[in-house]
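Scroll down for the structure; my scribbles are underneath it.
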Amino acid sequence: MLSKFIPRRRHGSADSGESGRSLDSFRSGGASTDMEKYLTILNGIENDIDAANDDVDDLGVIHETLLSTADGTRSEAIARQRDQKTTQINNHIVRLRGELNAVEQMNRNTSLTPSEEATRRTRHAVLARKLMGLLDKYRQLERESQKMYRRRMEKHIRIGKLVTL
């Protein structure tokens, strides 16, 4: 099980080095209740899912820009940007999956009242569905982009054949 969550950025902000809640701080008790700490952790995960969703939208814009660019040098720069954004999204998704799995494991290993268990199970399921929606959106974007790149290449090949005739 993960003992700490990776530092996260808040939705809509640049990477500021702010750290997220850890499972260790959840277990240590303190001023807030365990449920408040748990919900704070889940809110951080939800913010990260929203940030990843924004990154997928940004990647869509990058794909569109790359498809509409004819300048070779500019295309290379945009392609690097696309590759960096893709890597960032993939890393984000892997981390989010790990965090959700750690929360699920923590829920299994914690004795809870029936109402707390139901609340936690429901909240976790909502976030898992939200992450799956993000994955579906990302996969769809990648499929559509591949189709567009393929069509563009086929068009260039047809034009090249016409020019050589």
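The values are calculated or read from the model by the stated rules, or taken from the named source; none is laboratory data. Please read all numbers here as calculations on a predicted model, not as lab measurements. All Cβ positions, glycine included, derive from the backbone under ideal geometry; neighbour counts span all protein chains shown. Keep in mind that these areas ignore ligands, DNA and RNA; they rest on the heavy atoms of the full protein, side chains included. Shrake-Rupley method; radii C 1.70, N 1.55, O 1.52, S 1.80 Å.
Key figures
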{"item": "Backbone HN-Hα couplings from phi across the range 141-158 [Karplus 6.51/-1.76/1.60, Hz, Gly and Pro as x]", "result": "4, 5, 4, 4, 5, 4, 4, 5, 5, 4, 4, 5, 5, 4, 5, 5, 5, 4"}
{"item": "Rounded FRET efficiency, nearest 0.05, which uses the C-beta distance separating GLN84 from THR40 and R0 of 25 Å", "result": "0.25"}
{"item": "Percent accessible area from carbon and sulfur atoms, the range 47-165, protein chains only, probe 1.4 Å", "result": "53 percent"}
{"item": "Heavy atoms of MET35: accessible area, 1.4 Å probe, square angstrom to 10", "result": "40 Å²"}
{"item": "For the range 60-135, the spread of Cα positions along each principal axis, largest first, Å", "result": "62, 16, 10"}
{"item": "Where a label projected 7 Å from the Cα of THR110 along Cα→Cβ would reach, residues of the range 39-56 with amide N under 12 Å", "result": "39-43"}
{"item": "Per residue value of the accessible surface for the range 29-143 (all protein chains in place, 1.4 Å probe), Å²", "result": "53 Å²"}
{"item": "P(r) of the range 34-165 over all Cα-Cα pairs, binned every 10 Å from zero, in whole percent", "result": "11, 32, 23, 16, 11, 5, 2, 0"}
{"item": "Computed over the range 32-156: relative contact order in percent, which uses C-alpha pairs under 8 Å that are six or more apart", "result": "38 percent"}
